[in-house]
Amino acid sequence: MTRRGLLGGALAMGVLGGCSYPTDLGSTRTRVKYWHFLGASDGIIMNEMVGAFAKANPDLFVEENVLAWGEPYYTKIAMAGSGGRSPDLATFHLARLPGIGPGQILDPINVDLLAENGLRPEDFSPPIWERAHIDGVLYAVPFDAHPMVQYYNTDLTEKAGLLGTDGRLAPTEGEEGLLEALRKAKEVTGGRPPLVFDALGLGTVGPWRVWWSLYPQSGGTLLSRDGSQITIDDDKALQALRFMRRLGEEGLCDPNTDYGASVAAFQNGEAAFLWNGDWETTTFKLAKMPFSMARFPAVFGSGSAQADCHVFVLPHQRERDPEVEKATYRFIAALVKNSADWAVAGHVPAHLPTLERPEYLALQPQSEYRSVITEVALDPQVWFAGSASRLWIDFGACFSTVIAGSRSPEQGLAEAKAALGRLMSAPNPFPEAGR
């Protein structure tokens, strides 16, 4: 079972049933109501961090409410925020921020209270901190980035001669460098595709995530800054798609694997490489397989990689209790400053000082790809982007057939641009800021 498929221990009932932990009714402690969608290893770690905060702050109580991941979560946040009956704090995906009504469903972050608790703008990854603003107003506190990374089987890559003297995967240069490394790995996998990723299946998003790692490396963009115009550079977009097509044609990736099959193939030693988000780290550690991790390959220039980020937001309340508000910011600061604990599950802390702390650097292989934090390829700021969004699914469907060879790169790009046009013409279902 994959990390996303396995709900960890005591959190299972909370995730499935939308249950909250005991509310400590009758206590004189200040209560902070916190909603999140974190399951499996993420959920277990978050629950432990909440418990550690409770021990260190006996005057406060955090009521942790775990809801179902995906669209139902954001719908519930929108409903609660529009009614002004929200929790005090919620975990969010950064890419979802523009689409969930900043200024109406979400309240701005109080930067003065952040500063009082030791969090400054310069402490955060610049591109992520910038993206946490809408029209110059801060609406989210960054917690992490979860980028596309390259998992590699250390036994297979060693046999293929792809490891350096330090035992780490030797970086490749450009298109041909990566192809040559994959060809060497194919020799030691008995002719099986040496690379797997989520390439096929209903609602697949892997092809989008691979393309959105490769295409921005050459400076390609999707939309204008205000989201009103398509700005796709056809030459650069096709360059990335032709490379993806070549992987399938040469048998260097398996175009017929869905998410679960790709993880299983890597875990079982059938593939030397897996391209996926950093969240499967715990899956492979528990399996005790020989693996490590590196940044997504630099193929077309920069080393950018598709990523989303977990952030903290304040769902709208008609009137915030000043004491609860102060407690909420104490809680946010504690989580952010202790994000080395959070990084155990694979995510890269967005808090830059944490990246230099011994306890984080000691995490292996989690700290191996930390430098990507300033080169993340984030979604455009539009309501139809973000994790589990129509943008990811529609582009995934268009590009999956390119990898498999049933459509040309030109056809796949044309279909993706048509899908993007339809999304842009659809009405935003969420209230816009200030309305």
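A few comments on the model shown:
- Complete set of residues in region 283-316 that are crowded, with 18+ Cβ neighbours inside 10 Å and polar (S, T, N, Q): Thr283, Ser292, Ser304, Gln306
- Residues of region 173-189 that are open to solvent by 40 Å² or more (accessible area, probe 1.4 Å) and either in contact with a Cys (Cβ under 8 Å, 6 or more places away or on another chain) or at pLDDT 95 or above (or both): Glu175, Glu176, Glu180, Arg183, Lys184, Lys186, Glu187, Val188.
- Pairs, first closer than 13 Å to Ala90 by Cα in region 61-77, second modelled with pLDDT of 95 or more and polar (S, T, N, Q), C-beta under 7 Å, six or more apart: Glu64/Asn47
- In the condition set (1) open to solvent by 10 Å² or more (accessible area, probe 1.4 Å); (2) touching a residue at least 40 places away in the same chain (Cβ under 8 Å); (3) over 21 Å from Asp379 (Cα atoms), Pro98 is compliant with all but (3).
- Restricting attention to region 368-400, the residues being crowded, with 19+ Cβ neighbours inside 10 Å and farther than 15 Å from Gly99 by Cβ number 14.
- In region 338-348, the residues that are more than 15 Å from Val149 (Cα to Cα) and of a type outside the set (A, V, I, L, M): Asn338, Ser339, Asp341, Trp342
- Failed criterion for Ala170 (all others in (1) of a type in the set (A, V, I, L, M); (2) in contact (Cβ under 8 Å) with a residue 12 or more places away in the chain; (3) surrounded by fewer than 16 Cβ atoms within 10 Å (Cβ to Cβ) hold): (2)
- Of residues in region 226-247 being free of Cβ contacts under 8 Å to residues at least 40 places away in the same chain and among the charged types (D, E, K, R), the one farthest from Phe395 (Cα to Cα): Asp226
- Residue match in region 303-321 (condition: closer than 23 Å to Arg209 by Cβ, in contact with a Lys or Arg (Cβ under 6 Å, 6 or more places away or on another chain), modelled with pLDDT of 95 or more and of a type in the set (S, T, N, Q)): yes
- Thr91 part of a helix (DSSP H, G or I), polar (S, T, N, Q) and either surrounded by fewer than 17 Cβ atoms within 10 Å (Cβ to Cβ) or out of contact with any Cys (no Cβ under 7 Å at 6 or more places or on another chain) (or both): no
- Selection of region 133-151 for residues being touching a residue at least 24 places away in the same chain (Cβ under 8 Å) and more than 14 Å from Ala307 (Cα to Cα) yields Ile134, Asp135, Val137, Leu138, Tyr139, Ala140, Val141, Tyr151.
- Number of residues in region 190-220 that are open to solvent by less than 30 Å² (accessible area, probe 1.4 Å) and basic (Lys, Arg) equals 1.
- Filter result (outside any helix (DSSP H, G or I) and touching a Ser or Thr at 6+ places or on another chain (Cβ under 6 Å)) within region 242-273: Ala272
- Extreme residue, surrounded by the fewest Cβ atoms within 10 Å (Cβ to Cβ), among residues of region 52-87 that are among the charged types (D, E, K, R) and under 15 Å from Phe37 (Cα atoms): Glu71
- Inter-residue pairs, beta-carbon under 7 Å, first without any contact (Cβ under 8 Å) to a residue 60 or more places away in the chain and part of a helix (DSSP H, G or I) and in region 103-128, second open to solvent by 30 Å² or more (accessible area, probe 1.4 Å) and not small (Gly, Ala, Ser), 6+ apart: Pro121/Trp129
- Screening the candidates Leu241, Leu214, Leu179, Leu222 for the property of being over 30 Å from Glu130 (Cβ atoms) and of a type in the set (A, V, I, L, M, F, W, C) yields one hit, Leu179.
- Among the residues making up region 305-335, those that are farther than 19 Å from Phe143 by Cα and either assigned to a loop (DSSP other than H, G, I, E, B) or of a type in the set (Val, Ile, Thr) (or both) are His316, Arg318, Glu319, Arg320, Asp321, Val324.
- Of all the listed residues (Tyr139, Tyr152), the sole one being closer than 24 Å to Arg370 by Cβ, surrounded by 21 or more Cβ atoms within 10 Å (Cβ to Cβ) and under 20 Å from the mean Cα position of the chain (by Cα) is Tyr152.
- Pro121 vs. criteria open to solvent by 60 Å² or more (accessible area, probe 1.4 Å) and not charged (D, E, K, R): yes
- Extreme residue, farthest from Glu116 (Cα to Cα), among residues of region 309-332 that are of a type in the set (A, V, I, L, M, F, W, C) and over 27 Å from the mean Cα position of the chain (by Cα): Val324
The values are calculated or read from the model by the stated rules, or taken from the named source; none is laboratory data. In this text the structure is predicted, and so the values were computed from the model without any measurement. Every residue, glycine among them, receives a Cβ derived from its backbone with ideal geometry; neighbour counts consider all protein chains shown. Note: accessible area is taken over every heavy atom of the protein model, side chains too, but ligands, DNA and RNA are not part of it. Shrake-Rupley method; radii C 1.70, N 1.55, O 1.52, S 1.80 Å.
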